[in-house]
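The values are calculated or read from the model by the stated rules, or taken from the named source; none is laboratory data. Computed from a predicted structure; not experimentally measured. Here the Cβ positions follow ideal geometry from the backbone for every residue, glycine too, while neighbour counts run over all protein chains shown.
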Amino acid sequence: MLVTTSRHKILVVGASGATGLRVVKQLLELDLHVTIIVRCVNSFPKSILNHHRLRATQSTLLEMSDAELQKMVQGCTAVISCLGHNLTFKGLYGHPRRLVTQAVCRLCQAIKTVNTGDPVKFILMNTTGNQNKQAGEHVSFAQRLVVGVIRYLIPPHADNEAAAAYLQTYQGTKDQVHNNIIEWVVVRPDSLINDETVSAYTLYPSPIRSAIFDAGKTSRINVAHFMTQLVVCGSTWQSWRFKMPVIYNS
Ligand SMILES: NC(=O)c1ccc[n+]([C@@H]2O[C@H](COP(=O)([O-])OP(=O)(O)OC[C@H]3O[C@@H](n4cnc5c(N)ncnc54)[C@H](OP(=O)(O)O)[C@@H]3O)[C@@H](O)[C@H]2O)c1
């Protein structure tokens, strides 16, 4: 079931990134109103920036005040995070070490503060390297060992894990659905690739291959397509809310 899109306002953070930009484009193509927070509007494509249904704020997300963040989420029916650490030495090892986790926490707090009753969808871009222990996922000893080393050597991995854990632990579960202001889906792509068009993709509740020793491929544009479907398609949302779907190109 597709929802009526015109009254929906979606906040996208990480919108200037490779996946975030594709999310914004697809949301606009579906007649949605999109709000973005970007560090530099000048590096954002002008054709999209000038779109009449896009509102861009130039700011650094974690430096915004609580009041500013509350204004950003006010009236939003969904918030999408495609944030990720830049793949530079500073991005990987500098501050903010917990970019994604802090952003998720602060945005959720802002949503809870301004919320007037209707649940808000929170869609978080994550990774298949993040094991969903709550769902009983098991990985091999070798994979656990390698992920342990990655967690230690590459701080963004721990950040992705903590961000998903925040949504799982603090925003409740399906069993507590009536108390939830925030409903969430943590989207886990495998190795990301850039394709120009949406292609066939498959969703699974848990990884069907090793993220370390047998990684599959996921097009960013397919991630964007799935995220967009989560926003506009009620049955897709019902199928995946409070879950951590894994997405592979078919
Ligand atoms: N690479 C893979 O194969 C792979 C696989 C699975 C999952 N993932 C995960 O997927 C996510 C997104 O991937 P992607 O390739 O689409 O990301 P990306 O192109 O690197 O985009 C990252 C976004 O985060 C923003 N950002 C970075 N540091 C920031 C900061 N300090 N403050 C505010 N915004 C900041 C960037 O803004 P600016 O444009 O201003 O820098 C950009 O919008 C990441 O979390 C990554 O871990 C990656």
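Tabulated values for the structure
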item: Qualifying residue in region 203-220 (condition: under 14 Å from the mean Cα position of the chain (by Cα), touching a residue at least 24 places away in the same chain (Cβ under 8 Å) and surrounded by 13 or more Cβ atoms within 10 Å (Cβ to Cβ)); result: yes
item: Residue match in region 131-145 (condition: surrounded by 15 or more Cβ atoms within 10 Å (Cβ to Cβ), within 20 Å of S81 (Cα to Cα) and either within 16 Å of the chain's Cα centre (by Cα) or within 16 Å of the ligand (Cβ to nearest atom) (or both)); result: yes
item: Subset of region 8-50 [part of a loop (DSSP other than H, G, I, E, B) and touching a residue at least 24 places away in the same chain (Cβ under 8 Å)]; result: H8, G14, A15, S16, G17, L30, D31, L32, C40, F44, P45
item: Count of residues meeting criterion [modelled with pLDDT of 95 or more, surrounded by 12 or more Cβ atoms within 10 Å (Cβ to Cβ) and out of contact with any strand residue (DSSP E or B) (no Cβ under 7 Å at 6 or more places or on another chain)] in region 167-201; result: 1
item: Residue in region 94-105 that is at negative phi and over 19 Å from the mean Cα position of the chain (by Cα) present; result: yes
item: Subset of region 202-244 [over 15 Å from T128 (Cα atoms) and among the aromatic types (F, W, Y)]; result: F226, W237, W240, F242
item: In region 88-116, residue farthest from the ligand (Cβ to nearest atom) [restricted to those that are outside any helix (DSSP H, G or I) and without any contact (Cβ under 8 Å) to a residue 40 or more places away in the chain]; result: T116
item: Residues that are of a type in the set (A, V, I, L, M, F, W, C) and either at pLDDT below 95 or surrounded by fewer than 15 Cβ atoms within 10 Å (Cβ to Cβ) (or both), drawn from region 91-107; result: L92
item: Matching option when the condition is crowded, with 17+ Cβ neighbours inside 10 Å, of a type in the set (V, I, T) and more than 26 Å from T218 (Cβ to Cβ), among I111, I123; result: I111
item: All strands (runs of 3 or more DSSP E) inside region 138-250 with 3 or more residues being touching a Leu at 6+ places or on another chain (Cβ under 9 Å); result: 182-189, 217-219, 246-249
item: Within region 1-25, considering residues that are of a type in the set (A, V, I, L, M, F, W, C) and more than 13 Å from the ligand (Cβ to nearest atom), the one modelled with the lowest pLDDT; result: M1
